[in-house]
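Below is one structure, written out as structure tokens, with a few remarks after it.
The values are calculated or read from the model by the stated rules, or taken from the named source; none is laboratory data. Keep in mind that this is a model prediction, so the values were computed, not measured. Glycine gets a Cβ as well: all are built from the backbone with ideal geometry, and neighbour counts include every protein chain shown.
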């Protein structure tokens, strides 16, 4: 019997009541610390949040439409028995790696946000291989917020994931690359000397403490694998999706073929709702002029 060194999932869920408590119990019982199944599990998290908004008690029967969504989601999980991921991050015949680099993709929608990270290896023949490292998906806070803020929150998760993977991987890594389809986030990160509202200011500071603006790049939404983690996938669509586990195809090509930012990121943010004051440079000038008047 041939044995394969792969990660697999054994789906053996216990029958639980169709209530908030039962849904939480089933969802929490799926052991997936690396987030391979993040896009699949996300719909159940969204359903849980919706039931919270409706202020149902833990053991109340849920509405018929929600119950149907839950049963449909449960029935699809059986397809995951055919899902597997190679445990080794480097192919058998790949040879010696000449460089290793982490790539993090982040994305957000109105109700959730997510991140997925890959390790890009390059061998002596110039052949690149992309290995899945970790995926994460989170539902938005119950208090409604803007998509740019959600995108910024996802970018922070990407930075924290990068730090964690660097601490755990025993590899000599090149400078990490961060990808987002939000030009607003790229402007936030690239804008120095501007005063933002607290939410944005704190997250931009976290990002800039650990990364340089030059590490952040734009990717079109259609090419962004993190879109799966921010919107969720049915089991059927997940099994057919190749980008989530393998990474976008361009990572297997030379850097010259990677997506380029075609947007003008030099546009100022003075009209942004997150902008709260003068730039530091302008404040300095005002202080100088006030000093002259004295």
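Observations on the structure shown:
For every residue, the table says whether it meets (1) assigned to a loop (DSSP other than H, G, I, E, B); (2) over 14 Å from the mean Cα position of the chain (by Cα); (3) within 25 Å of residue 248 (Cβ to Cβ); (4) not assigned by TED's automatic domain parsing to the domain that holds residue 118.
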| position | (1), (2), (3), (4) |
| --- | --- |
| 137 | no, no, yes, no |
| 141 | yes, yes, no, no |
| 150 | no, no, yes, no |
| 154 | no, no, yes, no |
| 159 | no, no, yes, no |
| 163 | no, yes, yes, no |
| 178 | no, no, yes, no |
| 188 | no, yes, yes, no |
| 192 | yes, yes, no, no |
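- Leading residue by the ranking (surrounded by the fewest Cβ atoms within 10 Å (Cβ to Cβ)) among those in region 165-176 that are free of Cβ contacts under 8 Å to residues at least 60 places away in the same chain and assigned to a helix (DSSP H, G or I): 167
- Unique residue being surrounded by 11 or more Cβ atoms within 10 Å (Cβ to Cβ), in contact with a helix residue (DSSP H, G or I) (Cβ under 6 Å, 6 or more places away or on another chain) and closer than 24 Å to residue 164 by Cβ when the list is 39, 43: 39
- Subset of region 217-240 (residues that are in contact with a strand residue (DSSP E or B) (Cβ under 8 Å, 6 or more places away or on another chain) and within 22 Å of residue 140 (Cβ to Cβ)): 219, 221, 224, 225, 226, 227, 228, 229, 230, 231, 232
- Residues (free of Cβ contacts under 8 Å to residues at least 12 places away in the same chain and part of a helix (DSSP H, G or I)) located in region 202-250: 202, 205, 209, 214, 222, 237, 240, 249
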